[in-house]
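Encoded as structure tokens, the structure appears first; notes follow it.
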Amino acid sequence: MSQVRTDINMNKTSKNEVCLMDNFKKYYTVDAKGGNAEYFETDLEEALDVAGAGKYQVYHCILMLATLSSALLEIIGNAFILPAAACDLNLPDHLRGIVTSVPNLGVILTAPAWGWAADSLGRKPVLLASCVISGAIGLAAAFATTLSGYAICKFLASLFLSCPSSLGWAYIGEMLPRRRRDAAVLICNGFLMLSSTLSPVIAWGILSHEWRCSDGSFVIRPWRLLTITYALPLLLVGLGIVQADESPKFLVAKGKKRQALAVLKKIYAVNSGLSEDHYCVTSLRDDGKRMTSETGPGCVVTKWRGDSTLSLLRPPHLKWLALTGFLMFGLFSLLNGLFLLAPDTINKIFTSPIIDEGNICVFIGQSNDTAVISEPCVDTISHATFLIMVVTTLVYSVVVLLACLSPLNKKTLLISMFTTVGVACLMSGLQENKMVAGAAMSAMQLTALGIGPLTAYTVHLFPTTLRGTAVGAVLMFGRLGSVVGASAAGYFLAAACAGTFYGFSALLFLCAALSFLLPKHHSSASCDYEDADTR
């Protein structure tokens, strides 16, 4: 069978003899006998190129974006639920940081397990089960009557939350041709950041109305409805995941080439509008299990077939795991750490009954001094707090989205993000203007801009057989940063407020410096190999 790659005119060639690659005018032409084309065998990456990028991937990305957004709502929702539930749950100030970070505790403990499950059992069944179970337990938290009951429900739900909060990134990339993955991940990250606007908007819409319904000792207040609203999307996305297809990369890695080919045919049919019979790949090449080494300018790549999880702890994977893990730690220590205390901190600025001027630390110190005095519990959130959070979240989300759509490469985005947020962190602790201080503290959510590039690096730096585990491990470092960041911020804002902002700023500037060690954006050409590229 002879195969010739050339540019041809569809009007001069039978549909049986050509196969469109992406949206470019490149076709595979094969010899035909008796009107029947001899189709060809190729590897998975080439087969994905042939299937193209189009409507199928758009639908799939929307589904994964909904999954990631649902998990994000459940994680950051505590920042708005707890200030409104403080009186009902008897929540002391010194425990707010710890309880706020509870959704991240289970994620840390189970991230490697879910990564292993996704690499062993498949993306689809693992993602479906984790979404449904996490959403169901999250609903139960709305009916807790004690702080311990609420915290336990949130912790149990978090045990299943690692998968929907991380696996979607790998699932997105594995359905796309290689050259479209970076763009897809970055765009989805931008829209994910935009979807985070829903958290303060939903909270404002529900918590702005004070009402209560009592059934004996059980009192239903707006924060319970808000808890249900944040958990419900996880159950809804499960309906969409039922209709999703398994990752062809996972199927090939498990030797299920026929099932992988069936998925590729479906992708091709949806994208092209043609019958699956027109897909000219008839089988996927299996090169067997082997290990070779390739050396290129500035890099040495080892190809592993049949990698084990322990391969992450061997060169060259270890250095990339350590670097991306630390950067994700620094990113999440702000995004899901210090920033989660922003609503409560900003609320203290605008609800202070004693002083009108000063920086954030002055208002926090005044609040701690008056907390000793026995006064009725207050768990209302001011409209000014909601206004700042909604407006700044929307503005910063648009900035993140535009940055993701810009031609800037991943490394430039990371360095710029860490530097900008580091400056904003300093300003939020020093600025005496309430509105400017609130806007600067809200700017910490710009760290979400780094999730996409760091995840894209992880997807490209690790082979298919390790990708799910690697993404889960890197995001586990991020969740660890969430817990450490929230707990440290909750304690040090009261004990050493100014030092808190200086310390977090130093961490961000360190992350900016370490980002220079990441591979160049186009450095993968000489280090490219079958299962991953080092872009």
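Some notes on this structure:
- Of all residues in the range 173-196 being under 11 Å from the mean Cα position of the chain (by Cα) and of a type in the set (A, V, I, L, M), the one that is farthest from Glu246 (Cα to Cα): Met193
- Complete set of residues in the range 46-60 that are crowded, with 21+ Cβ neighbours inside 10 Å and hydrophobic (A, V, I, L, M, F, W, C): Ala47, Leu48, Val50, Ala51, Ala53
- So Ser482, is it in the same structural domain as Gly168 (by TED's automatic domain parsing), in contact with a Leu (Cβ under 9 Å, 6 or more places away or on another chain) and part of a helix (DSSP H, G or I): yes
- Taking every residue in the range 184-213 that is outside the structural domain of Leu405 (by TED's automatic domain parsing) and surrounded by 23 or more Cβ atoms within 10 Å (Cβ to Cβ) and pairing it with any residue that is modelled with pLDDT under 85 and assigned to a helix (DSSP H, G or I), at least 6 positions away or on another chain, yields no pair with a Cβ-Cβ distance below 6 Å.
- Of all residues in the range 229-256, those that are more than 14 Å from Leu72 (Cβ to Cβ) have Cβ atoms under 6 Å from Cβ atoms of residues that are surrounded by 18 or more Cβ atoms within 10 Å (Cβ to Cβ) and charged (D, E, K, R), 6 or more apart or on another chain, in Ala244/Lys124; Glu246/Lys124; Ser247/Arg123; Ser247/Glu174; Lys249/Glu174; Phe250/Arg123.
- Among residues that are modelled with pLDDT of 80 or more, closer than 17 Å to Phe504 by Cβ and either in the same structural domain as Lys124 (by TED's automatic domain parsing) or surrounded by 24 or more Cβ atoms within 10 Å (Cβ to Cβ) (or both), Val423 is included.
- Yes/no for Thr110 being touching a residue at least 24 places away in the same chain (Cβ under 8 Å) and farther than 26 Å from Leu493 by Cβ: yes
- Residue that is more than 21 Å from Thr465 (Cβ to Cβ) and of a type in the set (Ser, Thr, Tyr), where the choices are Ser214, Ser247: Ser214
- Within the range 191-233, being in contact with a strand residue (DSSP E or B) (Cβ under 9 Å, 6 or more places away or on another chain) and among the aliphatic types (A, V, I, L, M) holds for Val219, Ile220.
Each row is one residue, and each column tells you yes or no for (1) crowded, with 21+ Cβ neighbours inside 10 Å; (2) touching a residue at least 24 places away in the same chain (Cβ under 8 Å); (3) out of contact with any helix residue (DSSP H, G or I) (no Cβ under 8 Å at 6 or more places or on another chain); (4) not in a helix (DSSP H, G or I).
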{"position": "Leu127", "(1), (2), (3), (4)": "yes, yes, no, no"}
{"position": "Val132", "(1), (2), (3), (4)": "no, yes, no, no"}
{"position": "Ala141", "(1), (2), (3), (4)": "yes, yes, no, no"}
{"position": "Ile152", "(1), (2), (3), (4)": "no, no, yes, no"}
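The values are calculated or read from the model by the stated rules, or taken from the named source; none is laboratory data. Values in this document were obtained by computation on a predicted structure and should not be read as measured data. In this analysis, Cβ positions are derived from the backbone assuming ideal geometry, glycine residues included, and neighbour counts consider all displayed protein chains.
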